[in-house]
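Have a look at the structure below before the remarks.
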Amino acid sequence: MTCTEAIYSEQVLDYIVSSYIREETLVERYQPTCYSRIGGGGTIVYREENRIDSQTINQFGYGTVPHVYGLMGYEALEAAGVMQIRRQPYLDFYGQGVIVGFVDTGIDFTHEAFRNADGTTRLHSIWDQTIREGGPSQFDYGRVFSEQEINEALKREQPSSYLPTRDDIGHGTFLAGVAAGNEIPGKEFSGIAPLSQIIVVKCKEAKNSYREYYRVPSKVPCYQENDIMAGIMYILQVAYSLGRPVSICVGMGSNLGNHDGASPLCHLIDINNMAGASIVACAGNEGPVGHHYEITKKEEEIQIDVARASLGFVCELWWQTPGSVSFDVISPGGSSLGLTRAEDGLQRQKRFPIENTNLEIRTGRVQGQTRDQVILFRFEDTKPGVWKIIVTSRQEYPHYHMWLPITQFLEGETVFTRPNPDTTICEPGNARNAITISAYNPVNNAFYAQASRGFTPNGIIKPDVTAPGVEIFGPYPREQYGTMTGTSVAAAVTTGIAALFLQQFSVAELNGNIVPELLIRGATPRGEEYPSREWGYGTVDAYASITFE
């Protein structure tokens, strides 16, 4: 089996090794079919096996299993201060010389929003991970389409037949348009950085093994963490080779993980906080939806209300070392798992006969960038009713957190009955060096109610700032235009603004913190507290940022 075949095969699983391991040790431990090195010494390992189970998780660690990510976006220029910049004759900020990158669902490269006046493309390249041959040299999968190939396709009567990459969902096309689309007066539309050059990575969808393990509904777009990581590295490496600054938008998010920036994707973002590079992440749309529970009592009963029968769900309980936890699970019919101590490496299966539901439990420390401990509750074939998880801590004043998956990864309404809307920033928005963006309505200046809220469990201020993200106008595939709402849209707005900031400097003058510093110093404070769990340091104002004294 070739490496390319392994990457696409449903008989091969992917693992993320966050820290550097010598080749001989890596081969001996993982016995991989193949592997790819990524930034910061990490490695993606591809290993022949067709099902994630407790044995392999116990062998390699829960932290090596890629998390699954979903899409975070289901009058912006004026509100964000961009038009004020354009009205100044001494300012010429349109993103010239800057790369704007997207790791998402692809792009409609034929759309007028991404073509020059002469009909040629504004795209530098597209890496389509779903096409098996012709990938970038550093990764053994996907197909890279160059600027020249895109231009050749655009000369054809049917460009998509010549160059077979498309955006069937439209999310990536919309975000790219909002951040970097052309100024089109006839449609009353303009992207934030219309003279930037664009790189797009179309992520392949997650393998069925990961969908099944995390109980993700079959028709919901779902992407693996390692593919997103590879996409970011591709954009960074291309920009570095060109000697140009780059602003990257990550419009996906996940509720899996400890939410303190220790996931492999967060770690990749943090260590690539390099000169001339800006990575923007959306906060997520998980604020008031009932998917976070905070444990502050020595003994606490957590109730999960399952509204209707579903294929199941996963739930994670996280706490910091040191700490000792015991737990019990009680079904809607009153059956009990029995009090169980969360010992490192515990694996347990329980069938609840009345509900006909299987429960898999795994506990232990997570390898990688954290010493936190986790209990994974994996429910299969759940029936309606209230499931109770009784958590007992040896600490007098514990501070533990539980999260359910993001909304679209749940069938029906599955919620905590007493949730906490804070500490709901989705990964990778918890990365220290990500620029994390929440959303508001630019028409009435109201906070977007669905937006996730900070701060992180370890006290990092997130979100950083808030940008327009409600009913934003932008391009859809097949020459269409429409609106979209969500924090991913706000992230796209900010990605474009970051490109305007990066335009001011040569790469040699830049450091990794200059863009967030500019955003924060120009932001308009909002909320009762400063910084705010909802608004961060306030609403973005690009003009105030660059004229700040």
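The values are calculated or read from the model by the stated rules, or taken from the named source; none is laboratory data. It should be emphasised that the depicted structure is a prediction, and the values quoted were computed from it without experimental measurement. Methodologically, a virtual Cβ is constructed for each residue, glycine included, from the backbone with ideal geometry; neighbour enumeration extends over all protein chains shown.
Among the residues of the stretch 1-36, which ones are assigned to a loop (DSSP other than H, G, I, E, B) and of a type in the set (Asp, Glu)?
Restricting attention to the stretch 1-36, the residues satisfying the condition of being assigned to a loop (DSSP other than H, G, I, E, B) are 1-2, 9-11, 18-22, 31-33.
Result: Glu10, single match.
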Determine if the stretch 251-270 includes at least one residue that is closer than 17 Å to Trp127 by Cβ and surrounded by fewer than 23 Cβ atoms within 10 Å (Cβ to Cβ).
no
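With the structure loaded, tell me whether Ile279 is modelled with pLDDT of 95 or more, within 28 Å of the chain's Cα centre (by Cα) and within 30 Å of Leu519 (Cβ to Cβ) or whether it fails that test. Let's see the steps before the verdict.
Values: modelled with pLDDT of 95 or more: yes; within 28 Å of the chain's Cα centre (by Cα): yes; within 30 Å of Leu519 (Cβ to Cβ): yes.
In short, yes.
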Tally time: how many residues in the stretch 271-288 are crowded, with 23+ Cβ neighbours inside 10 Å and either in contact with a His (Cβ under 6 Å, 6 or more places away or on another chain) or under 25 Å from Thr407 (Cβ atoms) (or both)?
9
Suppose we filter the stretch 175-191 for residues that are modelled with pLDDT under 95 and of a type outside the set (Gly, Ala, Ser); how many remain?
6
Is it true that some residue in the stretch 471-493 is closer than 18 Å to Ala239 by Cβ and β-branched (Val, Ile, Thr)?
no
Yes or no: the stretch 464-473 includes at least one residue that is surrounded by fewer than 19 Cβ atoms within 10 Å (Cβ to Cβ) and at positive phi.
yes
What's the number of the condition Ile304 fails, among (1) over 22 Å from the mean Cα position of the chain (by Cα); (2) closer than 26 Å to Thr64 by Cβ?
(2)
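Matching residues to (1) at pLDDT below 95; (2) of a type in the set (A, V, I, L, M, F, W, C); (3) under 30 Å from Phe379 (Cα atoms):
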{"site": "Phe409", "(1), (2), (3)": "no, yes, yes"}
{"site": "Phe416", "(1), (2), (3)": "no, yes, yes"}
{"site": "Asn420", "(1), (2), (3)": "no, no, yes"}
{"site": "Thr423", "(1), (2), (3)": "no, no, yes"}
{"site": "Cys426", "(1), (2), (3)": "no, yes, yes"}
{"site": "Ser438", "(1), (2), (3)": "no, no, no"}
{"site": "Asn458", "(1), (2), (3)": "yes, no, yes"}
{"site": "Gly474", "(1), (2), (3)": "yes, no, no"}
Pairing a residue in the stretch 150-179 that is more than 17 Å from Val489 (Cα to Cα) with any residue that is part of a loop (DSSP other than H, G, I, E, B), where Cβ atoms lie under 6 Å and the two sit 6 or more apart in sequence or on different chains, gives Ile150/Phe109; Asn151/Thr120; Ala153/Leu163; Pro159/Thr110; Ser160/Arg166; Tyr162/Arg156
What's the total number of residues in the stretch 174-193 that are within 22 Å of the chain's Cα centre (by Cα) and surrounded by fewer than 24 Cβ atoms within 10 Å (Cβ to Cβ)?
0
Got at least one residue in the stretch 223-242 being among the hydrophobic types (A, V, I, L, M, F, W, C), part of a loop (DSSP other than H, G, I, E, B) and crowded, with 20+ Cβ neighbours inside 10 Å?
no
Residues satisfying the stated conditions in the stretch 165-215, i.e. out of contact with any strand residue (DSSP E or B) (no Cβ under 8 Å at 6 or more places or on another chain) and not in a loop (DSSP other than H, G, I, E, B):
Ile184, Pro185, Gly186, Asn208, Glu212
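Return the residues of the stretch 1-26 that are among the hydrophobic types (A, V, I, L, M, F, W, C), surrounded by fewer than 20 Cβ atoms within 10 Å (Cβ to Cβ) and at pLDDT 90 or above; say none if nothing qualifies. Outline the logic, then answer.
To start, the set of residues in the stretch 1-26 that are among the hydrophobic types (A, V, I, L, M, F, W, C) comprises 1, 3, 6-7, 12-13, 16-17, 21, 26.
Filter once more, keeping what is surrounded by fewer than 20 Cβ atoms within 10 Å (Cβ to Cβ): 1, 3, 21, 26.
Of everything in the stretch 1-26, just one residue is among the hydrophobic types (A, V, I, L, M, F, W, C), surrounded by fewer than 20 Cβ atoms within 10 Å (Cβ to Cβ) and at pLDDT 90 or above, namely Cys3.
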The stretch 90-143: number of residues that are over 30 Å from Ala6 (Cβ atoms) and of a type outside the set (A, V, I, L, M)
19
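Among the residues of the stretch 408-439 satisfying the criterion of being assigned to a strand (DSSP E or B) and out of contact with any helix residue (DSSP H, G or I) (no Cβ under 8 Å at 6 or more places or on another chain), which is surrounded by the fewest Cβ atoms within 10 Å (Cβ to Cβ)? Steps first, please.
Going through the stretch 408-439, the residues assigned to a strand (DSSP E or B) turn out to be 414-416, 427, 435-439.
Now narrow it down to the ones that are out of contact with any helix residue (DSSP H, G or I) (no Cβ under 8 Å at 6 or more places or on another chain): 414-416, 436.
Numbers: Thr414: 25, Val415: 19, Phe416: 21, Thr436: 32.
Step by step, filter the stretch 408-439, then rank; the result is Val415.
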Out of the residues in the stretch 203-221 that are more than 19 Å from Ile131 (Cβ to Cβ) and hydrophobic (A, V, I, L, M, F, W, C), which is surrounded by the most Cβ atoms within 10 Å (Cβ to Cβ)?
Val216
